[in-house]
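Nothing in this text is a laboratory measurement; each read-out follows from the coordinates by a stated rule. In this text, all values refer to a predicted model and were calculated from it rather than measured experimentally. We place every Cβ from the backbone using ideal geometry, glycine too, and count neighbours over all the protein chains shown.
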Amino acid sequence: MQTLDNLQYQLTAEEKQTFNETGILMIEDALSPEHVAALTAACDAITEKKFAEGADPKKALFYPNFIPDNPLFADLVDYEKIFPKVWGILGWNIYLYHAHLIVTPPSGQPVDDKTFGWHQDSGRVNIEMESHPRPRLSLKVAYFLSDTSEAGRGNFWVVPGSHLWDTLDRPSDGIGQPEGAVPVLAKPGTAVFFDRRLWHTASPNWSDITRKVLFYGYGYRWIRTKDDMTVQSLWDSSDPIRRQLLGWGVNANGHYTPTDDDVPLRVWLRENCPEAAV
């Protein structure tokens, strides 16, 4: 639930500049150790269930639509320390269009330097949109539950500043990473924001630590969901702003021309932070 206390976590001018210039922003200690432990237990319960259903424990688990599985996951949708920074970047006409949990076990393979699978998010959007640079449209917040503060632990890699590039030069021989590429080093409890346009990639987990991360994708309400999300089951138990973030709306046209009933976040901002309600 949004309260006046949450405004202390608004996006700062320095954070905004960092995100706009690099396409990535790290917020350390966004989650307390106790919060990390509780979320890890919820994550482990899903992992154990998936293994029991036949998922290969030696392969990375990519599990979308995890929000309804535990109230702790739903509470991060509008998490007080992070959500004000989300609307600080994207504005108020937003919702959760995509979410996935990734668990990456140790690969058991030797370290190598093959070029990773570099990409921008959003698939066909990057082919069919006609602007340059491509539009931001959305961002993700990744909550790190395991320790990836050292390289080689299944870190995701980025090229800072590449969110303004339409193409990325990769090594022609398939060895090594693009110029400027760096691993994201995040300790447990860190929240990492990244622009959907930022060139990024997963990498193998060469360590003996299982990597666990929760990804929350926020975009404009006129963007379709990227998962077969079943968060509608949470509408009745959610306050109006969270309900907006979980995809509720008065009607289809309200996603393009929203009324106050469609976007209670705008109403709340108009009352408590008018400069953000424009």
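When only DSSP loop residues count, what GluC sites (Glu not before Pro) in region 1-67 have their Cβ near at most 14 other Cβ atoms within 10 Å? Present the calculation step by step, with values, prior to reporting the outcome.
Working: sites: GLU14, GLU15, GLU21, GLU28, GLU34, GLU48, GLU53; in loops: GLU28, GLU53.
Those that pass, being in a loop and sparsely packed, are GLU28, GLU53.
Is the C-alpha gyration tensor of region 2-133 telling us rounded, prolate or oblate? Criteria: a/c under 1.5 is rounded; beyond that, a/b larger than b/c is prolate, otherwise oblate.
On the way: a/c = 1.78, a/b = 1.21, b/c = 1.47.
Note, shape of region 2-133 comes out oblate.
Could you pull out the trypsin sites (Lys or Arg not before Pro) across region 116-147 that fall in loop regions by DSSP (anything but H, G, I, E, B) with no more than 10 other Cβ atoms inside 10 Å? It would help to have the intermediate numbers written out before the result.
Values: sites: ARG124, ARG136, LYS140; in loops: ARG124, ARG136.
For trypsin sites (Lys or Arg not before Pro) across region 116-147 that sit outside H, G, I, E and B with at most 10 neighbouring Cβ atoms in 10 Å, the list reads ARG124.
Total Lys pairs in region 86-236 closer than 24 Å by alpha-carbon, pairs eight or more apart in sequence or interchain only?
Working: LYS114/LYS212; LYS140/LYS187; LYS140/LYS212; LYS140/LYS226; LYS187/LYS212; LYS212/LYS226.
Qualifying lysine pairs in region 86-236: 6.
Name the residue farthest towards the positive end of the dipole of region 143-278 from the options MET229, TRP199, ALA252, assuming +1 on Cβ of Lys and Arg, -1 on Cβ of Asp and Glu, about the Cα centre.
MET229
Kindly state, as a whole number, the per residue volume in cubic angstrom of the convex hull around the alpha carbon atoms of region 4-276. Intermediate values should be presented prior to the final figure.
Values: hull volume 39.0 nm³, N = 273.
Measuring per residue, one finds 143 Å³ for the Cα hull of region 4-276.
When PHE66, PHE83 are ordered from fewest to most other Cβ atoms inside 10 Å of their Cβ, what list results?
Details: PHE66 19, PHE83 23.
By the 10 Å Cβ count, ascending, the order reads PHE66, PHE83.
Taking the alpha-carbon distance from LYS50 and a cut-off under 14 Å, which aspartates and glutamates remain once sequence neighbours fewer than 8 residues away in the same chain are dropped?
LYS50 reaches ASP69.
Can you check what the Kirkwood hydrodynamic radius comes to for region 39-104, Cα pairs only, in Å to one decimal?
Values: mean 1/r = 0.0745 Å⁻¹.
Taking every pair of different Cα atoms in region 39-104, averaging 1/r and inverting gives 13.4 Å.
Please get the size of the charge dipole for region 4-276, origin at its Cα centre, with Cβ charges of +1 on Lys and Arg and -1 on Asp and Glu, quoted in debye to the nearest 20.
Working: 26 positive and 37 negative charges, 96 e Å.
Here the size comes out at about 460 debye.
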